[in-house]
Amino acid sequence: GGSLLNIKKNKFNKLKISDVLKHPNWNMGKKITIDSSTLMNKVFEVIEAKKIFNLEYKQIGIIIHPQSFIHAIVKFSDGMIKIIAHETTMEIPIHNTIYDYKYYKKTNIFDFKKLNNINFSKVDIKKFPSVKIIKKLPYENSLYETVLITANDEFVKLFLSKKIKFNKIIDETIKIINRNEFNKLKKIQPNKISDVIDIRNLVRSRIKSYYLN
């Protein structure tokens, strides 16, 4: 929820760009900070987790954690639960993505007192309707995910250029992915990178014709 976690939904329509970009814990750049404020970043992370770990969507959940230092909780079949925690810096996951694990990144000693103040809560679906998109996603890999990612990207750009209100980012993204021409892509898997690029360009073209004319 970023800077909007404690702001009422009826205030969203009046938010300025500067309001949305005031994330209390992270410095991630404009695009990701806005995705955090809509919780669309969590929708993308659910998609990633499903594909990387070969899970079903029903096995993955999203919970609100305002302190931002716990990044995943995994329950194993034997009942053991493991928690992934680290400081609020993207340097750690980026380092783990780029480098072999034998090259360790130097980090500060973790302040374990933070673990005395862990708060979790359920997502307010009415306030953050982006999470409902997960139920629309097909089980198999498809071009539908490209539609979702592209639409969200474009509407974030429109918000940053002051052409739409903040609350329209998700509202209009959902309208786009619900269109019949894109719904049918749930059954079509990408075979080559040009398939993804073509759909991306089509979505951009549709949004441009709908919103910029």
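Tabulated data
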read-out: Two-decimal Rg to Rh for region 121-207 - Kirkwood Rh, Cα set; value: 0.99
read-out: Phi-based couplings in Hz for region 79-93 (Karplus 6.51, -1.76, 1.60; Gly and Pro marked x); value: x, 6, 10, 10, 10, 9, 9, 7, 4, 7, 9, 6, 4, 5, x
read-out: Local electrostatic count, residue 139, Cβ distance below 14 Å [Lys/Arg +1, Asp/Glu -1]; value: +4
read-out: Cα-derived Rg over Rh, computed across region 101-153 with Rh taken as Kirkwood radius; value: 1.19
read-out: ³J(HN,Hα), Karplus 6.51/-1.76/1.60, whole Hz, each residue of region 176-183, x for Gly, Pro; value: 5, 6, 8, 5, 4, 5, 9, 4
read-out: Alpha-carbon centroids, region 92-149 and region 1-68: separation in whole Å; value: 9 Å
read-out: Within-14-Å neighbourhood charge of residue 63 [Cβ basis; K, R +1; D, E -1]; value: +1
read-out: The chain: angle of helix 40-52 to the longest principal axis, Cα-based, in degrees nearest 10; value: 80 degrees
read-out: For the chain, size of Cβ-based charge dipole, Lys and Arg +1, Asp and Glu -1, in debye; value: 880 debye
read-out: For region 65-155: accessible area per residue (Å², 1.4 Å); value: 70 Å²
read-out: Built amide H within the under 5 Å cut-off of residue 71, gap 5+; value: 84, 85, 86
read-out: Added length on full extension, which subtracts the Cα-Cα distance from 0.36 nm per residue, residue 160 to residue 87; value: 23.5 nm
read-out: Under DSSP loop assignment and at most 12 Cβ neighbours within 10 Å, longest GluC sites (Glu not before Pro)-free interval of the chain; value: 57-139
read-out: Positive-pole candidate from 170, 190, 201, dipole of region 148-213, charges at beta carbon; value: 170
read-out: Protein accessible area in region 11-86, 1.4 Å probe - carbon and sulfur %; value: 55 percent
read-out: Rg/Rh ratio calculated on Cα atoms of region 130-179 (Kirkwood radius); value: 1.00
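The values are calculated or read from the model by the stated rules, or taken from the named source; none is laboratory data. The model shown is predicted, which means the values in this text are computed figures rather than measured ones. As a convention, Cβ positions derive from the backbone with ideal geometry for all residues, glycine included, and neighbour counts pool all protein chains shown. Each accessible area value is taken on the protein alone, full model and side chains, heavy atoms only, with ligands, DNA and RNA left out. Shrake-Rupley method; radii C 1.70, N 1.55, O 1.52, S 1.80 Å.
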